[in-house]
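The values are calculated or read from the model by the stated rules, or taken from the named source; none is laboratory data. Since the model is a prediction, treat every value here as computed from it, not as a measurement. Don't worry about glycine lacking a Cβ; one is built from the backbone with ideal geometry, like all the others, and counts go over all protein chains shown.
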Amino acid sequence: MKQDICALSATELLAAYRAKALSPVEATRAALERIAGLNPVLNCFNLIDAKSALDAARASEARWMQGAPAGPLDGVPASIKDIILTKGWPTRRGSKTTDPSGPWNDDAPAVARLREAGAVLVGKTTTPEFGWKGVTDSPLTGITRNPWNPKKTPGGSSGGSAAAVASGMGALTVGTDGGGSIRIPCAFTGLFGLKPSFGRVPAWPLSPFGTVAHLGPMTRSVTDAALMMNVLSLPDARDWTALPYDGRDYLDGLELGVKGLRIAYSPDFGYAKVDKEVAALVNQAVKVFEDLGAHVDEVDPGFDDQLDVFTLHWFPGAAYVVRGIPAAKRKLMDKGLLEVARQGERITLKQYLDAVTKRGALGALMNRFHEKHDLLLTPTLPVPAFDAGKEFPGAAKNRRWTDWTPFSYPFNLTQQPAASIPCGLTKAGLPAGLHIVGPKYGDALVLRAARAYETARPIAMPDLSRL
């Protein structure tokens, strides 16, 4: 029964609480037991606070017994990526250079909203140092592993969050995405994850990686993500870049399907190399949209590889982070982060401003593209999960995580909503992800399309008995 509890979605847990068929205390205990059993294998939590979680669960149970839940997530076990400030808990950011003594007096907006909604926070999940790469290992916490195969990476930088939810260590988690860091690990671990439009989910303090950085939900169902968006999108005055709160209920229209939508499908952008198995799985997923009544055309969006534009925006952020670390402590840091920081230091003002201009052109191109196409479908990633502890698949040297994520970072530049949903398994039993990209501010449309696909191809959990 406990394993069944851990497999329940947040929506299912809430229905069970409402019917008094299950208690938040039971769900929290089940999640904590799952963490105790599997975290030594997967290494996805670097902080677990069982006492605080159980205290919160008991308070939630009392509210449900009185028929007065505190909010739309009351009693649901959830976790927070250890880049996001959480009151009373150290935010170590995967770095030995951070001081665990704090003080830690603030909740970031996402954490504050989850608490107000009644979510039960069980702990903080692992991240590469300062969230700098697309896999999850750090000098502070070591290597995080994939529940589908612990020899493989769960991706990153929200890899601890992904491994936790995929293995049933709570139904919900919050990730960050500065170049794919929600979508990459969701693709590798078989989850749904949404990078909302920039500013839709308030953030504070703002990321050193600037206006490519987003926060969003990572879940085992699309409905759960919509439920989380209702909470995470609530306003917070600390974020001066946030969009005006529009009061949208992301559950409204979620079940309307994709019939009649004009959908573009680009298998490789015209330049990316995609693993044959991944390509076949994504192609099959696209056919599901046709079966559901959408009009699908194979067409590339029409831009060249944006890697240089992205790195000219992103690497200066790494340089800024490292510049703030005392020189004596830098020997404790991830060598890869130090390398990209040195690259960032060498970027000239002219190079940066040229990249800003090219970013604007890309955004305008995609605005025009979506005048003809409601959505764009691509692979989330061109490869399945590779060996844990590596930044790049295979034996390649002097390569960065950005070299195998060509489908994700362009839409951090354009700030469009983009989601990953699992679309099948390779012969080795590893998940592949379908990437659903919407027009700017079309978050609800992305969720609606993902939900339509999910009704035809439900999300499955890994076989945890092998761990």
Do we find a residue being in contact with a Lys or Arg (Cβ under 7 Å, 6 or more places away or on another chain), of a type in the set (Val, Ile, Thr) and in a strand (DSSP E or B) anywhere in the range 174-192?
-> yes
Of all the residues that make up the range 57-90, how many are closer than 26 Å to Ala162 by Cα, without any contact (Cβ under 8 Å) to a residue 40 or more places away in the chain and part of a loop (DSSP other than H, G, I, E, B)?
-> 2
How many residues does the range 341-366 contain that are closer than 24 Å to Phe130 by Cβ and either under 28 Å from the mean Cα position of the chain (by Cα) or part of a helix (DSSP H, G or I) (or both)?
-> 11
Consider Ala280 carefully, then state whether it is in contact with a helix residue (DSSP H, G or I) (Cβ under 7 Å, 6 or more places away or on another chain), small (Gly, Ala, Ser) and farther than 18 Å from Gly438 by Cα.
-> no
Considering only the range 91-141, state which residues are closer than 17 Å to Ser161 by Cβ, small (Gly, Ala, Ser) and part of a helix (DSSP H, G or I).
-> Ala110, Gly131
Would you call Ala242 under 22 Å from the mean Cα position of the chain (by Cα), aliphatic (A, V, I, L, M), buried (at least 19 other Cβ atoms within 10 Å of the Cβ) and assigned to a loop (DSSP other than H, G, I, E, B)?
-> yes
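Which residue, of Pro154, Pro196, is crowded, with 24+ Cβ neighbours inside 10 Å, touching a helix residue (DSSP H, G or I) at 6+ places or on another chain (Cβ under 8 Å) and more than 25 Å from Thr98 (Cα to Cα)?
Values: Pro154 fails: more than 25 Å from Thr98 (Cα to Cα).
Only one candidate passes the filter, namely Pro196.
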Determine if the range 279-286 includes at least one residue that is in contact (Cβ under 8 Å) with a residue 60 or more places away in the chain and assigned to a loop (DSSP other than H, G, I, E, B).
-> no
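So, of the residues in the range 408-466 that are of a type in the set (S, T, N, Q) and surrounded by 19 or more Cβ atoms within 10 Å (Cβ to Cβ), which turns out to be farthest from Thr223 (Cα to Cα)? Steps first, answer last, please.
We begin by selecting, within the range 408-466, every residue of a type in the set (S, T, N, Q); these are 408, 412, 414-416, 420, 426, 455, 465.
Filter once more, keeping what is surrounded by 19 or more Cβ atoms within 10 Å (Cβ to Cβ): 408, 412, 414-416, 420.
Details: Ser408: 23, Asn412: 24, Thr414: 25, Gln415: 23, Gln416: 20, Ser420: 14 Å.
My answer is Thr414.
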Out of Ala59, Ala78, Ala50, Ala68, sole residue that is over 18 Å from Gly131 (Cβ atoms) and within 22 Å of the chain's Cα centre (by Cα) = Ala78
Which members of the range 92-131 meet the condition of being under 18 Å from the mean Cα position of the chain (by Cα) and either modelled with pLDDT under 95 or hydroxyl-bearing (Ser, Thr, Tyr) (or both)?
-> Thr125, Thr126, Thr127
